Amino acid sequence: MKHFLLASAATMLLGTAVQAEQLTVFGPWLGPDQKNIETVLSDFAEKSGHDVRYVGSDSFEQQIMIDAEAGSSPNVAVFPQPGLAADMAKRGFLTPLKDGTGDWVKENYAAGSSWVDLGTYKDQNGADNLYGFFYKVDVKSLVWYNPENFEDAEYEVPTTMEELKALTDQIVADGGTPWCIGLGSGGATGWPATDWVEDMMLRTQSPEMYDKWVSNELKFDDPAVIAAIDEFGAFARNDKYVVGGAGAVASTDFRDSPKGMFSSPPQCYMHRQASFIPAFFPEGTEVGEDADFFYFPSYAGKDLGNPVLGAGTLWAITNENDAAHDLIKYLQTPAAHEIFMALGGFLTPHKGVDASKFSSKSTAKMNEILLGATTFRFDGSDLMPGGVGAGTFWTGMVDYTGGKDASEVAAGIQKSWDALK
């Protein structure tokens, strides 16, 4: 755990005089992201006059609960997952954000109502309050491809799920293999398949149904969920669609799976994965030139808009003072986002930022996908109980790609969920 001091003699925040206070922000960032968030917080300190201290830890989830129970919480905590924040709100460890914050988010964030929903939790009395402000987001609804391969084969980037499925069949007809899919990840093997299923739930069911599934109000073995699993299977369990055939999907490491797009001739043409995957592309690969991406499309024939699956960090007040509320107000300014945008590795649903401030054209393009979202939903497996979301859901998807029936797999996952209640 490291401790940093960011201070300034300035006495103004967003044009309003404030009383300088000490403010501690506790989050999960270490390394480069830590330096980046310190830069943002330095700007806040300069504009506010507050004495701002950032503490980073790779054991954030455990430490924040220990601190809360000991009565020594930081003023603001940065949560990687909404579930933990919701638990703390229910126990009375969080302070609701100022009135009007939710209205601001709805007005200024793309899919604003989704962000309000994701940051709203029940308090000790069961009343709903907005506790979380989202800042720094990741996008998972992406399909990666090699532009040169598409150009050589005269393939067009699909804009609907119907077109994506047609392109998949066209590649097979032309003698190629459309998809590279790998679920291998050591003890976490299976997790890439959960992202596929979550994306398919959002493309076949309403956001409300997705939420009910994540909370288990909609059972895992419901026909709607089974259908979403089979939507994934339509790609992953077809020997002609995936490199090595369906039997190789579970055993192929997710880090190695996209490399087939860069061989000559290409072993595969497309890879569905989150924004982080270029870290595992061959050395020297330039995103925007050697590799590119498009939105994992929705169905034209369904009235479900353009949902985006992803993750992100939410900021919540865990030890209230005026400076904490000032910081949440500061995070609503374009500058708070544009500083991090310029440093790289940052996406934002804020509609008021200057897109030219992004560190690269590819990042700006990725952010356009986020801004085009009609619905944003958090990675469902991250919100489920650990025994399911990081357990039987993973292993169940491995069994499914191995040939087990979707209904049987779903029933087993639901049984494990029931055992936790």
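All of the numbers you see were taken from the coordinates with simple rules; none came from a lab. Nothing here was measured: the structure is a model prediction, and the numbers come from that model. As a convention, Cβ positions derive from the backbone with ideal geometry for all residues, glycine included, and neighbour counts pool all protein chains shown.
Using θ = phi - 60° and the Karplus curve 6.51 cos²θ - 1.76 cosθ + 1.60, what whole-Hz ³J(HN,Hα) does each residue of segment 146-153 get, with Gly and Pro shown as x?
Coupling constants for segment 146-153: 9, x, 5, 5, 5, 5, 4, 8 Hz.
Say the dipole of the chain comes from +1 at the beta carbon of Lys and Arg and -1 at that of Asp and Glu; which of 227, 342, 288 then lies farthest toward its positive end?
342
Provide the gained length on full extension for the span residue 124 to residue 107, in nm with one decimal, where the gain is 0.36 nm per separating residue minus the Cα-Cα distance.
Contour length minus Cα-Cα distance gives 3.3 nm.
State to the nearest 20 debye the size of the charge dipole of segment 317-397 about its Cα centre, where the only charges are +1 on K and R beta carbons and -1 on D and E beta carbons.
About 360 debye.
In whole Hz, what ³J(HN,Hα) sequence does segment 391-405 give by Karplus (6.51, -1.76, 1.60; θ = phi - 60°), x for Gly and Pro?
Calculated HN-Hα couplings, in order: x, 5, 5, 4, 5, x, 5, 5, 4, 5, 5, x, x, 5, 5 Hz.
Measure off 7 Å from each Cα along the Cα-to-Cβ vector at residue 57 and residue 276, then give the distance between these two points in nanometres to one decimal.
Computed distance between label sites residue 57 and residue 276 equals 2.1 nm.
Could you tell me which of 309, 374, 276 has its Cα farthest along the dipole of segment 254-411 towards the positive end, charges placed at Cβ (Lys, Arg +1; Asp, Glu -1), taken about the Cα centre?
374
Extending each Cα 7 Å along its Cβ direction at residue 156 and residue 173, get the distance between those two points in nm, one decimal.
Calculated label separation equals 1.4 nm.
With the calculation restricted to Cα positions, what are the radius of gyration and Dmax of segment 15-81 in angstrom?
That works out to 12.9, 38 Å for Rg and Dmax.
Helix-derived [θ] at 222 nm for the chain: sum -39500 (n - 2.57) over DSSP H runs of at least 4, divide by residue count, nearest 500?
One gets -12000 deg cm²/dmol as the mean residue ellipticity at 222 nm.
Which pairs in the list 106/351; 35/98; 136/357; 140/351; 140/165 are over 21 Å apart, alpha-carbon to alpha-carbon?
Pairs exceeding the cut-off: 35/98.
If you average the alpha carbon positions of segment 82-126 and of segment 193-212, how far apart do those two centres end up, in angstrom?
Measuring centre to centre over Cα atoms gives 22 Å.
For the chain, with only Lys/Arg (+1) and Asp/Glu (-1) charged at the beta-carbon, what is the dipole magnitude about the Cα centre, in debye rounded to 20?
So the dipole magnitude of the chain works out to roughly 660 debye.
Taking Cα pairs under 8 Å and at least six residues apart, what relative contact order does segment 231-359 come out at, in percent?
It rounds to 10 percent for segment 231-359.
Could you run the Karplus curve 6.51 cos²θ - 1.76 cosθ + 1.60 with θ = phi - 60° over segment 246-260 and give me ³J(HN,Hα) per residue in whole Hz, x for Gly and Pro?
4, x, 8, 4, 5, 8, 7, 5, 4, 6, 8, 4, x, 5, x
Select from 248, 134, 85 the residue farthest towards the positive end of the dipole of the chain; place +1 on Cβ of Lys and Arg, -1 on Cβ of Asp and Glu, and compute about the Cα centre.
85
Amide H to amide H under 5 Å from residue 205: which residues, 5+ apart in sequence or cross-chain, H placed 1.01 Å off N in plane?
Those qualifying (amide H under 5 Å, at least 5 residues apart or on another chain) number zero.
When the dipole is taken about the Cα centre of segment 277-421, and only Lys, Arg (+1) and Asp, Glu (-1) are charged at their Cβ, what size is it in debye, to the nearest 20?
Once rounded to the nearest 20, the dipole reads 340 debye.
Please report the relative contact order for segment 73-230, taking Cα pairs under 8 Å with a sequence separation of at least 6, and give it as a percent rounded to a whole number.
Relative contact order for segment 73-230 comes out at 12 percent.
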